[in-house]
Structure formats: C-alpha cells, structure tokens
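Okay, so here's the structure we're looking at.
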Amino acid sequence: MLMTCCGVSLCAQTPAIPRDEAIEKNVEQTLSRMTLDEKIGQMLELTLEVFGTTDKTKTPPAWMLNEQSLDNCIATYKIGSVLNTPGGRAGTLGEWQHIINSVQTSSMKHIGIPTVYGLDHNHGASYTQGATFFPQPINLGASFNTDLAQQMAEVAAYESRAGNCPWVYNPVLDLGRDPRWSRIWESFGEDAIVNARMVEAEMKGYQGADPNHIGPYNVATSVKHYMCYGAPFSGKDRTPAYLSPAMIREKYFEPFKCAIQAGALTIMVNSSSINGVPVHASYEYLTKWLKEDLQWDGMILTDWADINNLYTRERVAKDKKDAIRIAINAGVDMSMEPYSTDFCTLLKELVEEGKVSRDRIDDAVRRILRLKYRLDLFDHPNTGGQGYEKFGSDEFAAKALQAAEESEVLLKNDGAILPLAKGTKILLTGPNANQMRCLNGGWSYTWQGSKIEQMAERYHTIYEALCNKFGSDNVVLEQAVTYKENGQYWEENKPQFDKAVAAAANADVIVACIGENSYCETPGNLTDLWLSENQRSLVKTLAATGKPIVLVLNEGRPRLIADIEPLAKAVVDVLLPGNYGGDALASLLSGDANFSAKLPYTYPREINSLATYDYKVSEEVGTMDGAYNYDAKVSLQWPFGYGMSYTTFEYSNLRVDKMQFKADDMLMVTVDVKNTGQRAGKEAVLLYSSDLVASVVPDNKRLRQFTKILLQPGEQQTVTFRLPAKSLAFVGADGRWRLEEGDFVLKVGRLTQGVVCTKTKVWDEPNI
C-alpha cells in the first residue's frame, strides 16, 4: 500500500489552480461592462434573515420569504452573495429550492450575474432536513481514513446541490490543539498533517477533479478559519492567538496551503488576531502568503461581521468606513456583512476618495466572478430537482454509518469486558443516553444543534440503538442526570441517582453515557475543563454497586475524567458521531463491528498539564541533582494516536531505502503489519519522525504520514510510505526553512530506525 503526500512537495511557484482561458475571457468581458456600484455590490454578502420574517405563533416557527424585499435589495445594491438559513433552522429540500431559485431569479433579472449562496454544511448538508449527516470532522480525524472524508464531502456536495446550494463553508482547518476551545470538534484534530490529508480528500469530494469546472453534483468550498483561529491564548472563542512565527508557518499554515494546492476556491478569515494583528487587517497573511506566494486566484471571504469588529472590538480602525478600508486593502474580497448594505455606500466613498484603488476593486470582483463561472452559475444558477434521487438514500446512510463505526475510539477494555454478549442485561444511564442532539453537536439543523429532536426522530438514540441490538427487555434506561433543555448547554437538572442505583441490581453491566450537550462557537465557552460534577458523581455512585461500568464519552472536546476513569472497566469515546452514531456504537459494543479509530488529539489528565503530542523536548524535564530539585512532566490521560481494537496487530521489519540522505531525496519507508488476533480489523499505521539535534529546540516527534489498512486474521501486509526528505525540515530562528545535517529517528508502532541527513540545506522560499 502506497501513501503519497501533498505537504511540502509542491513548488510554490506553480499556480494553485491552472487558469482556464475561456473562463478568464468571460470574467474580463463581464467585468468590463460593470459599473462601480455593480462591482461593489458583488463584494457584499447578506444573511437571508433580512429578506423575511418568522411567524413565532406556529410550532415550529414558520419563516416566510419576502420576495419584494429581496428583489428591491438586489436591484438597488447588486449584492453578490446570500447565506444562512430560514428562521435559523434547517429548511426542507423544497424550501431550499424555492428560496435559492428566488434569489437567483432576481439576481439574473437585475444584474445578469448569479448570486453565490453559501451554507454551513459542516458534516453533510446539515442545514437541510432529511439530508445525510456524517460524523463531525473530529470523528473523521479519529478514523485516520481519508476515503471517509472524501465520501462525506461527495454526499454533502450532492445533497447541497439538490437544494440549489453551490457553496459550503467547510472544511474547518483550525488545528484543535487546546481542549478549552469550544470548536475543537469542527477540526480534524491537533495535527497539521492529519488536517492537510483530510482537506485534500475533501477537496476531491466537494469540488470534484477540476476546480475550474465544478459539476452539478459538486460545490465550491470555503476552508476556514484562516488561520490560527483555533489557538486562542485565553481558550475562549474568537480571542487572540500568540504564536511564534515558526509555529505559524510550520503547523497552522500547512493545512491551508495544502487546501489551496488541492484546488480550494475560497477561504474564510480568522475572526481574531495573531500576535496583535487582526487577520482581517493583515496584508501579509491575506495577500502575500495566499495570493502572491501561492499564486492563488481564489476569493477571500470575511467571517460574520468581522470587518465591523476591526473598530468595535479589535480597535485598529476608528469607525466602520476605516475598517472597510483596512480590510479591503489587506486582501478581503467579499464582506459577510451580514445585515446592512452600508458597506456598499462606504466602500464607494473610499474608492472616490482614492483610499481604495479601483484596481483593488477589480481584483476582488474578478475573483468573485471567477468563482461563479467555475461553478457554471451563469448558465445553470439552479441545480436541484430531477437527477438528485439519491438524496437521503440508504446508500448514503450506509456510508455515514461506516464513518461512525470507524470513528468511535476504544480507549480501555480491561478483562476484555467488550464486546458484550447477546442477552447481557444493560443498565443505560447518563444524560447522553437518549438524545440525538448530543450525537450530532452544533451546526446540525440549527446553529447550536438544539431543539432538533423532531427533525432527527427517524434516527436512533443510543438507547434505541441498544434496544434494537440487544433487545428492549435487556436494556433499562435510568438516566439519573439530564440536561436542562431550555437552559445553557452545560446546565443540568437536579440529579436523581436512586432509581439508577436500584436498577443496577438487575444489570450485568452499566453503560454510562456521559459528556456534553451540543454547542457551537462562543456559547460553547467553558470555565472548567472537568466533566460536570453531577455526571462524575453518578459514575462514582454506580461504581459502589460493584457492577462493571462501561463509560461512553460523547463530547466535542476532551473533558477531564481522571477521577472516574479508574472506576470503569471500559471506556469508549464516540466524540460526535452524527445521526448514525448510536447504531454504530451498538454494533461496536456487541462486536458486530470492530473498533479501529485512534484519538485525533491528546487527551489531558489535568488542567495544568495541557500538551500536544508534538511538544518540544524541553517541555519534559527530569529531576535535577543538587540544590534546585525540580522537574516537569507531560501528564496525559491518553496520547494522540491511541486506540484499541478487538484484535491485535504486530509491526515488524521497519526499513528505509536510504540510511543517509540529502534534502532532494525521497525516502521509501516500509513496515510489515500483521493481524495476530482472531477477527478482521482495520489498523491506522502512523509514521513519525524525530530530529534529535537542531539549531532550535526540536519537537518531541512529528507525524509525517499515515494510512489505514484492513487485515484478516493472520494476514500480513507491507505498508510503504514515500517520505520527501525535505518534509523533515523546520523553520529556524531566522524564519527560513532548514534541513540540518544530523541524526533523525523514524518510528512506526514501537519500531524505530535511525537515519542521517548528510548535508544542511536552507531555503529562501517561504514555502518548500
């Protein structure tokens, strides 16, 4: 099996997307006949909410499109884009076809240019009722299976286009390296290479093979949030990041670079700042790094109202007009306003005053028009209707179920208590045991994932799935702790342990489903990383019964459980597995499916010891002899890349074709992997490297490549990785990429192999 890598292998001087002459001719012809007002209007994106009203007397509330208001706005301001959902809830397929068709009809009538409609379809067409929901991105990261990521994107694109939507704000490429952050689950985890390989796969699924010609079953993507958004110093959403230039270039930029090189058509910008500079105001990050260094001709979009934030929050602009000047000159092409049209008035004033050049306006509008031509919106502004009969199909559901099964992580299985035998008497408890909201997380039917039970009633909660698998007579539900559904996501009702304790007497095993309720973005901020006291007390109380406990963690980020983990015989982390997550868990607990996922992040043991797997070697210090007796230890609950199976795998014969190498070499790394157990299983094979001595403190280790293989009992496969030697380079103190002579160690499983770089090379290019 061969694993290839985009990563550092593509030359930065190659245009990210080869130009199509016919498209460029159309762009120039359209641009040449546009007025300044029409150009500026194309740079504005408004939310659908401004074109309708909600009748709150109905249950659920009914949103109604005001077509006259829509028509007047497009006629007057020539807006280029609309986003968001009707009334904050997922629309039906028919509603989306009507809404987006109405927008396109008005747009083509008044300006002859189609609107590009965008939705936050983060794990499927998740703002469309009846669509297929895959696991959240953090689960796809845990699967270490890029094929599943591509399948998710293909299905999401197909079902988005079924509702006429051509543009999705996904994938999320913020590295999930701080468990305090509320959006960990929207990423593929803490590692740059996992995020990079997953986004490459999703680009194929979302956009198809040719980014210049997006077909009727594909969509354009807006990868987000460029960049370092997931590294808030405070741990709170939308707050500043403070990172070294080397860390930014090596790790946080890498997935975005790979996304562009894989054909990403648009990028959404980080809402906050990096080292004191708001990204929406950074010419270096927006124009130089993306448009110039990578020769990228795509479009840059703001996040929600973030130009306004340059003066209301970041305080780098004196007022809105000044904020628009800064952002547009930095490289922003389209403003997600999202409620006001005064952007158009103020930007026109700036152009007439010479504070924003007409060339900058033309550059932005070229990028917007290029996107619309690449999507074929001029000829086919709508796509839904006939030809989309697979929407919500069993075929798509089977793919989502497989993704869920491959993304739920077995972390502990003392005494091989799992799988559970048929006929096992189960006490099912905990707040996550009987609720679809918890399985899906945010961006699911609604922004916060709340009040969605009616829309998800066709799917199975964990309780329903276990009843289907083990028989309803064998499963007793006593949750004891429940969430306060009309409160904050973290609020819980008063616990009632007595019934659960009584029910334990007749149970063979207790399955405790604990974790978090759904949340998204800033409302998901927390003040305590420990799992709630009520839930931990429930586990402690039930442990006193003497019945074995299986902990099922259902959470968007790792919550601390160090005090209750020793009380459990088994631990399964299902993360946020989507609508089919309960069914997947039932199959895994019963042994009808086998675990194969691994943690996509480091699971911490304590709040004052947060670490990532690629920590600097100096972060762990042994005890010093003498007067000053101190040390530093990296304390983990479970490490990145950890996950168990019902079978066992043996690694052997790790070898490298070149024991000595230079920067331009390609290393062929091979290892034999054998299934030594009694059942078939999939194994994620991870290749790490360590630079033993460097001119700056080296990382402990870095993941370089990975693949996933299926092995039958007794079967052995040889896995081969192609590892470009220059991928072992790092950014030095001078800001330049460096591969230094000296010793390296390659590691797969528990096997290691030393290799030697014989000559130092330093690059002047910003990307290698």
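Please identify the pairs in which a residue from region 490-518 that is free of Cβ contacts under 8 Å to residues at least 40 places away in the same chain has its Cβ atom under 7 Å from the Cβ atom of a residue that is open to solvent by 70 Å² or more (accessible area, probe 1.4 Å) and assigned to a loop (DSSP other than H, G, I, E, B), counting only partners at least 6 apart or on another chain.
Close Cβ pairs satisfying both conditions: E491/K484; N493/K484.
Considering only region 531-549, I want to know if a residue exists there that is in a loop (DSSP other than H, G, I, E, B), within 30 Å of A125 (Cα to Cα) and open to solvent by less than 10 Å² (accessible area, probe 1.4 Å). Before the answer, list the steps.
Restricting attention to region 531-549, the residues satisfying the condition of being in a loop (DSSP other than H, G, I, E, B) are 531-532, 544-548.
Checking which are within 30 Å of A125 (Cα to Cα) leaves us with none.
Taking every residue of region 531-549 in turn, none turns out to be in a loop (DSSP other than H, G, I, E, B), within 30 Å of A125 (Cα to Cα) and open to solvent by less than 10 Å² (accessible area, probe 1.4 Å).
Are there any pairs, at least 6 apart or on different chains, whose C-beta atoms fall under 8 Å, with the first in region 664-676 and more than 19 Å from Y688 (Cβ to Cβ) and open to solvent by less than 20 Å² (accessible area, probe 1.4 Å) and the second in a loop (DSSP other than H, G, I, E, B) and at pLDDT 95 or above, and if so, which?
Qualifying pairs under 8 Å: N675/T647; N675/T648; N675/Q712; N675/P713; N675/G714; N675/E715.
Do we have T429 as open to solvent by 10 Å² or more (accessible area, probe 1.4 Å) and β-branched (V, I, T) here?
Criteria not met by T429.
Can you tell me which residue is surrounded by the most Cβ atoms within 10 Å (Cβ to Cβ) among those in region 135-152 that are in contact (Cβ under 8 Å) with a residue 60 or more places away in the chain and under 24 Å from D376 (Cβ atoms)?
Step by step, filter region 135-152, then rank; the result is M152.
Kindly indicate which of I74, I79 is part of a loop (DSSP other than H, G, I, E, B) and crowded, with 22+ Cβ neighbours inside 10 Å. Even if it seems obvious, please write down each step before you answer.
Working: I74 fails: part of a loop (DSSP other than H, G, I, E, B).
Answer to the check: I79.
For Y642, are the conditions met, namely being of a type outside the set (K, R), modelled with pLDDT under 95, open to solvent by 50 Å² or more (accessible area, probe 1.4 Å) and not in a strand (DSSP E or B)?
Here the answer is no, as Y642 does not meet what is asked.
Check region 52-62 and report whether any residue there is surrounded by 13 or more Cβ atoms within 10 Å (Cβ to Cβ), modelled with pLDDT under 95, at negative phi and among the polar types (S, T, N, Q).
The answer is yes, given that some residue of region 52-62 is surrounded by 13 or more Cβ atoms within 10 Å (Cβ to Cβ), modelled with pLDDT under 95, at negative phi and among the polar types (S, T, N, Q).
For S450, work out the one condition from (1) free of Cβ contacts under 8 Å to residues at least 60 places away in the same chain; (2) hydroxyl-bearing (S, T, Y); (3) farther than 26 Å from A504 by Cβ it doesn't fulfil.
Only one criterion in (1) free of Cβ contacts under 8 Å to residues at least 60 places away in the same chain; (2) hydroxyl-bearing (S, T, Y); (3) farther than 26 Å from A504 by Cβ is unmet by S450, namely (1).
Residue-by-condition table, conditions (1) in contact with a strand residue (DSSP E or B) (Cβ under 8 Å, 6 or more places away or on another chain); (2) in contact (Cβ under 8 Å) with a residue 60 or more places away in the chain:
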{"site": "T522", "(1), (2)": "no, yes"}
{"site": "E533", "(1), (2)": "no, no"}
{"site": "R536", "(1), (2)": "yes, no"}
{"site": "A543", "(1), (2)": "yes, no"}
{"site": "N554", "(1), (2)": "yes, yes"}
{"site": "I561", "(1), (2)": "yes, yes"}
{"site": "V571", "(1), (2)": "yes, yes"}
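Go through the residues of region 554-573 one by one and say whether even a single one is among the acidic types (D, E), assigned to a loop (DSSP other than H, G, I, E, B), open to solvent by less than 10 Å² (accessible area, probe 1.4 Å) and at pLDDT 95 or above.
So far as region 554-573 goes, yes, one or more of its residues are among the acidic types (D, E), assigned to a loop (DSSP other than H, G, I, E, B), open to solvent by less than 10 Å² (accessible area, probe 1.4 Å) and at pLDDT 95 or above.
Inside region 252-287, can you point out the residues that are part of a helix (DSSP H, G or I), more than 22 Å from P211 (Cα to Cα) and open to solvent by 10 Å² or more (accessible area, probe 1.4 Å)?
The answer is Y252, A281, Y283, E284, Y285.
Within the group D528, D583, which residue is part of a loop (DSSP other than H, G, I, E, B) and of a type in the set (D, E)?
That would be D528, the only listed residue that is part of a loop (DSSP other than H, G, I, E, B) and of a type in the set (D, E).
Between D414, D362, which is touching a residue at least 40 places away in the same chain (Cβ under 8 Å), open to solvent by 10 Å² or more (accessible area, probe 1.4 Å) and under 30 Å from Q42 (Cβ atoms)?
On the way: D414 fails: under 30 Å from Q42 (Cβ atoms).
When all the criteria are applied, what remains is D362.
Within the set of pairs 6+ apart or on separate chains, which have a first residue in region 109-134 that is within 16 Å of V223 (Cβ to Cβ), a second that is part of a helix (DSSP H, G or I) and of a type in the set (S, T, N, Q), and C-beta atoms under 6 Å apart?
Pairs that qualify, where the first residue is within 16 Å of V223 (Cβ to Cβ) and the partner is part of a helix (DSSP H, G or I) and of a type in the set (S, T, N, Q), are H121/S160.
The values are calculated or read from the model by the stated rules, or taken from the named source; none is laboratory data. Computed from a predicted structure; not experimentally measured. Please note: Cβ atoms are built from the backbone with ideal geometry, for glycine as well, and neighbour counts cover all protein chains shown. Calculation scope for accessible area: heavy atoms of the full protein, side chains included, ligands and nucleic acids excluded. Shrake-Rupley method; radii C 1.70, N 1.55, O 1.52, S 1.80 Å.
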